[in-house]
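What follows is one structure encoded as structure tokens, with my remarks underneath.
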Amino acid sequence: MSKKRNLSLIAAIMMAFAGLMASNSTANAAGSGCLPASVKAKLAQIRAKFGPISIISTHRPGARIAGSGKRSYHASCRAVDFHAPRGKYSQVVAYLKRTHSGGVGTYSCGMHHIHIDNGPRVRFHHCVNARGRPIGKSHRYASKRYKKKKYAKRSSKRKYAKKRYSKKKYAKKYSAKKYTQKSYKKKSSSKRITSRSPGAMVQAAMGS
């Protein structure tokens, strides 16, 4: 009797596990409905070659790339993140890098999933924590407003520097003009003195 109970328990556990797998696969299929045909075909090839996969995320409206702030392919449902079958992670990654025409990304340090998209043929690897933030890099990215303020400060500094420089330049020119006027007066007075003849100078002295 005990053997029969054990067998029935094992059978019930197996059926429950199969049900979970089936529900997971249907949920994954429903979540990947908006993906492009090329990405769907690649997922089907992976399932056929390596076994069942677990999809993490597909369409995330407004998704941004952590660390840069650029718009992610997930925002337009052109990318998918998934877990490879157990024990076949490196095989799946090697297969995708060799055959996939779009982007292929891998993660470590806190995440261990695979990313594929239908963008350019790019291969990347990121060391991120469990929240998807890059480790060892600043994950803050400047907003447009902050960039505008920064640019305005720089431009105002440049304008102020130009005004200051122009004032200095003008002051130098003005002082140079004054100096030339003084030197011209000195020269003209010396010319007047030398132009007088000795007789004229004597007459002028007698007349005085």
What distance in nm separates the simple spin-label points at Ile65 and Asn129, each placed 7 Å from Cα in the Cβ direction? 2.2 nm
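Quick one: net charge around Ala41, please, counting Lys, Arg +1 and Asp, Glu -1 for every other residue with C-beta under 13 Å from its C-beta.
Residues close to Ala41 contribute a combined charge of +4.
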In the structure shown, of Lys42/Lys97; Lys42/Lys70; Lys49/Lys88, the pairs separated by more than 20 angstrom at the C-alpha atoms are Lys42/Lys70
Sorted by average packing, counted as other Cβ atoms within 10 angstrom per residue and highest first, what order do 37-46, 71-80 take? 71-80, 37-46
Expressed in nanometres to one decimal, the distance between label points 7 Å along Cα→Cβ at Ala44 and Val122 is 2.7 nm
Sequence-distant or interchain residues sharing an amide H contact under 5 Å with Ile56, placed H: which? Asp81, Phe82, His83
How big is the antiparallel share of DSSP beta bridges in the range 32-128, given as a percent to the nearest 5? 65 percent
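Every number in this text was worked out from the coordinates using simple rules, so none of it is lab data. Model, not experiment: these values are computed from the prediction. Glycine gets a Cβ as well: all are built from the backbone with ideal geometry, and neighbour counts include every protein chain shown.
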